[in-house]
Amino acid sequence: MSARKIHAGNNDPFWVRIIVITISVTFVALMLVLPLGVIFWEAFRKGGAAYLKAFQDRNAMRAITMTCLAAGIAVPLNLVFGITASWAIAKFNFRGKGLLIALIDLPFAISPVISGLIYILVFGMQGWLGKWLEGHGIQIIFAVPGIVLATTFVTFPFVARELIPLMQEQGSEEEWAAISLGANGWQTFWRVTLPNIKWGVLYGVLLCNARAMGEFGAVSVVSSNIRGGTNTLPLHIDALYNDYNSVAAFAMASILALLGVVTLVGKNLLERKIEQESINSLESRTTKVSQ
Amino acid sequence: MFNNKRSKAMLPGFRLTMGYTLLYLSLIVLIPLAALFLKAATMDWNDFYDTITSRRVQAAYRLTFGASLIAALINTVFGALVAWSIVRYRFAGRQLLDAIIDLPFAMPTAVSGIALMAIYGPTGLIGKHLVPYGIKTAISPLGIVIALTFIGLPFLVRTLQPALEELDGEAEQAAASLGASRWQTFWRIMVPSLLPSLLTGFTLAFARALGEYGSVIFVAGNIPMKTEIASLLIISKLDDSDVPGAAAIAVVMLSATFLILLAVQGIHWWSQRMTGRA
Amino acid sequence: MSIEIRNISKSFDSFTALKDISLKIENGELISLLGPSGSGKTTLLRIIAGMESPDPNPDSQVLFFGEDVARKPVGDRKVGFVFQHYALFKHMSVFENIAFGLRVRPRSQRPAESAIRDKVHSLLNLIQLEGFGTRFPKQLSGGQRQRVALARALAIEPQVLLLDEPFGALDAKVRKSLRDWLRSLHDELNTTTILVTHDQEEALEVSDRVVVMNQARIEQVGAPDEVFHQPASEFVIDFLGNVNVFHGRVNQGQAVLENHQTSISDPFVPAGENANVYVRPNDISIDRTPTGKSSMAATVTRINRAGVHAKISLELTNKEEIRVDITMEQLMELHLQLGDSVFVHLNKARVFVPDYTI
């Protein structure tokens, strides 16, 4: 979350402040801002026409479609999961809650290449279900389902990670109020819980989507890497780059970079919204205003 | 509705949500992960041992662990400075700086990878100026470290920020009123309370760096024995249709990751004991 | 709607919230559950509501009008619950909050939209917030929010109203006026109402009966003046109002106070060794001269005139401190000054013999 408390950093001597700030800004500019800028610079290096030409490639269009498809399935699936899991965790008491949360967080910590590898071990030719799938003519690895599965895995925790602490902080009083007034589970969820978590949901979906569209390592493992086949946009960029077609690669990259920037902006806006709402509800608990 | 058999008063929907959660978790995460460990467990021990101790694999492990460690250390130092500036100082552009920190999170790794190459490659913006001095910032371990520093920075800054915000200045003022110098106050009062977050941020950045793929492989050059990271080695094995070999390498990496995660939990537990606070 | 609770116990992990509680609540009465935090009162309320389950026990029963509701979920019990922190639905307007209970009914039981509108408006009238229907909870003051919460509970025409420390988060003045308003509302509607509070003034002023609870048990049940003037236990007399404690021994039907040559005869004195003698500040008189063998010497340490009565703090010869309330006229007659040596006489006392001597 963004810093909101202002500290009397005036205690630190002026020269210390100058040095620290200069180092920080320089470091961030060098490490973070420069790469962002370079993408657009390289993309437009040969001019606008060359930039646009990259998008007319049929494989590029296929890659974009593939990326949208993978994200379009993975994100809603993980959204439903995230909401379900946070309801179970935040509204009830049971043993092993910490373990469950740790398990949900697992994909976050696992290397993307390994994330793809495990699906090969289940669905690949030498894998558990390999023979069965082949016998029935179903292809998972090197085909769309594999891409979707790998994308779902790596983006698994995003919505849940955001909603669980949010719902825990909000407590269950409003839900109990609704139940005592005669509402059933669904009504309570739709009318009472969902409006309260809507910003958290958006935040989780935003991050989930950014990761889903940008995933590289995991889909690299499960994809055939054949152009026009199951390549997602990041894989297509990789292919273009390896062909030394740098302008086209950076042109494609610029779309994803733009997505990254939009995600960043959205993230910050939503963070502020969420903080505001939590301050509001704190107020409603401690209001001591006379009639 | 869930009326009749229920004898315990609870909000509705526990069985439904818990059931779906466990089912989805098992299908997507637990079972595939189990496949990995089972594969490794059923491998011939000799094959397994030979694979992970082969020179190429050992080189990849050393490189991956080493570069990740260095990158995490760099990030600890600079990340602390950045977090300090954002939380404790006011200056123009502070909020912008704060917002940009998450860029590596939001950016696809492949995009970061080619961008880094465009900067640090031999013909890159910065790289080309350093080549005459014999400094190779790409196709070298140095390039890998740079890439891992890029993706690890947010972990340090975001973990430190809440801890820094919690330092409410009162302890510092108390120390000053008792005659402590700024430096003494810093080392004796502030660093100990920031230590758990520093450690946590460091371990998170380290764990993330171990598994990083997309941002690294463009700058790395991927020369076996020299600049080949473990993740890439796994893919090479898969390309050679050596699935068991890939699994063996992966299991070791995954075990390291789990150990690191346990270490983070341990740090939390230790710091809670020290401060008696949640 | 009469409610009966039989043999209810409840523990959370290692903490016992309720120990074998039995209670009968009459139809239409306003009864308070009064006690310090941790006494179990909120737990009991929530068990009545159906938001907590009692520990399993074949003798446990919660009866609404004679019907066992233990298996009924809270939504089916037709209880109107008002939460301590209001729990208003923050993303709904005041109107929608109050209408909620009616709107979520299954189609067959749902009233027509116009009927809902009428009901909500009449309730807004009742809580004196006409015209506030379009506002949102965060635009309301604490007292207004609490009234909306009450209206929301009343909208479903509950059989019983359950209020969990409803005025706890409000200023003293707002609390008082809402308390009076609640009482008059109750007189008008006559719904059985159970009120949980730790504020004894509130309980004593507003209730038909008071249930004094302490550490998972019921200490006493009775009308307000009964629990105040005829307390059944040391806890009750100590919890309600101010009281001075003296330690003595029981001797031949009288309590002889330590270090004083003062005896008190109390019709309720049981036989035993040690006795605790409780005396209310207004049951002690101050005189310039001793009024007999049972007067004790004391020195005036503080005189507080801010209030309806004068509150005098005195120190006895054995360094014990006592509080005495006298009227302003009596204060003037005595011409009391700080440091004066006077004599105090205990007019009325309640003696308790502790069950266990440690």
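The values are calculated or read from the model by the stated rules, or taken from the named source; none is laboratory data. What you are looking at is a predicted structure, and each value in this text was computed from that prediction instead of being measured. Every residue, glycine among them, receives a Cβ derived from its backbone with ideal geometry; neighbour counts consider all protein chains shown.
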Based on what the data block shows, is B:L22 out of contact with any Asp or Glu (no Cβ under 8 Å at 6 or more places or on another chain), hydrophobic (A, V, I, L, M, F, W, C), assigned to a helix (DSSP H, G or I) and modelled with pLDDT of 95 or more? yes
Go through (1) assigned to a loop (DSSP other than H, G, I, E, B); (2) closer than 27 Å to C:N276 by Cβ and name the single condition C:V324 misses. (1)
Return the residues of region C:13-43 that are assigned to a loop (DSSP other than H, G, I, E, B) and under 17 Å from the mean Cα position of the chain (by Cα); say none if nothing qualifies. C:E29, C:G35, C:P36, C:S37, C:G38, C:S39, C:G40
Which one is modelled with the lowest pLDDT, of the residues in region A:2-54 that are more than 22 Å from B:E170 (Cβ to Cβ) and part of a loop (DSSP other than H, G, I, E, B)? A:S2
Applying the selection to region C:90-138, what residues are more than 17 Å from A:Q187 (Cβ to Cβ), within 9 Å of another protein chain (Cβ to nearest Cβ) and surrounded by fewer than 18 Cβ atoms within 10 Å (Cβ to Cβ)? C:K138
Being crowded, with 24+ Cβ neighbours inside 10 Å and either out of contact with any Pro (no Cβ under 7 Å at 6 or more places or on another chain) or among the acidic types (D, E) (or both) narrows it down to one of A:L202, A:L181, A:L206, so name that one. A:L181
Test of understanding: among A:L121, A:L129, A:L133, A:L166, which residue is in the same structural domain as A:W87 (by TED's automatic domain parsing), of a type in the set (A, V, I, L, M) and in contact (Cβ under 8 Å) with a residue 24 or more places away in the chain? A:L166
Single match in A:G185, A:G260, A:G266, A:G217 (criterion: more than 8 Å from chain B (Cβ to nearest Cβ) and of a type in the set (G, A, S)): A:G266
Test for B:R88: is it closer than 30 Å to B:L167 by Cα, in contact with a helix residue (DSSP H, G or I) (Cβ under 8 Å, 6 or more places away or on another chain) and free of Cβ contacts under 8 Å to residues at least 12 places away in the same chain: no
Just the residues that are at the interface with another protein chain (Cβ under 7 Å from one of its Cβ atoms) and among the hydrophobic types (A, V, I, L, M, F, W, C), please, taken from region A:94-119. A:L103, A:I104, A:L106, A:A109, A:I110, A:V113, A:I114, A:L117, A:I118
Which of the residues that make up region A:164-173 are surrounded by fewer than 24 Cβ atoms within 10 Å (Cβ to Cβ) and outside any loop (DSSP other than H, G, I, E, B)? A:P165, A:L166, A:M167, A:Q168, A:E169, A:Q170, A:E173
Considering only residues that are outside any strand (DSSP E or B) and in contact with a Phe, Trp or Tyr (Cβ under 6 Å, 6 or more places away or on another chain), look in region C:209-239 and name the one that is surrounded by the most Cβ atoms within 10 Å (Cβ to Cβ). C:I237
The listed residue being buried (at least 19 other Cβ atoms within 10 Å of the Cβ), within 25 Å of C:G38 (Cα to Cα) and among the aliphatic types (A, V, I, L, M), out of C:V174, C:V148, C:V206, C:V245: C:V206
Of the residues that make up region B:77-95, is at least one buried (at least 22 other Cβ atoms within 10 Å of the Cβ) and under 18 Å from A:I114 (Cα atoms)? no
Please give the number of the condition A:S86 fails out of (1) at pLDDT 95 or above; (2) not assigned by TED's automatic domain parsing to the domain that holds A:G185. (2)
Given (1) surrounded by 21 or more Cβ atoms within 10 Å (Cβ to Cβ); (2) within 30 Å of A:F108 (Cα to Cα), identify the lone condition not met by B:L142. (1)
In region C:186-239, anything acidic (D, E) and farther than 24 Å from C:A169 by Cα is listed as C:D187, C:E188, C:E219, C:D225, C:E226, C:E234, C:D238
Failed condition for B:S241, given (1) in a loop (DSSP other than H, G, I, E, B); (2) more than 9 Å from chain A (Cβ to nearest Cβ), with all others met? (2)
Residue list for region C:235-255, filter: modelled with pLDDT of 90 or more and more than 15 Å from C:V324 (Cα to Cα): C:F235, C:V236, C:I237, C:D238, C:F239, C:L240
Given (1) at the interface with chain A (Cβ under 9 Å from one of its Cβ atoms); (2) touching a strand residue (DSSP E or B) at 6+ places or on another chain (Cβ under 8 Å); (3) under 20 Å from A:K91 (Cβ atoms), identify the lone condition not met by C:A87. (2)
Looking at B:A67, is it surrounded by 13 or more Cβ atoms within 10 Å (Cβ to Cβ) and more than 9 Å from chain A (Cβ to nearest Cβ)? yes
When the residues of region A:23-64 are filtered to those that are over 14 Å from A:A253 (Cα atoms) and loosely packed, with under 13 Cβ neighbours inside 10 Å, which remaining residue is nearest to the other protein chains (Cβ to nearest Cβ)? A:T26
Single condition C:L338 does not satisfy, out of (1) closer than 30 Å to C:V227 by Cβ; (2) modelled with pLDDT of 90 or more; (3) touching a strand residue (DSSP E or B) at 6+ places or on another chain (Cβ under 9 Å); (4) of a type in the set (A, V, I, L, M): (1)
Within region C:12-20, identify whether any single residue is within 16 Å of C:Q215 (Cα to Cα), out of contact with any Lys or Arg (no Cβ under 9 Å at 6 or more places or on another chain) and within 14 Å of chain B (Cβ to nearest Cβ), and answer yes or no. yes
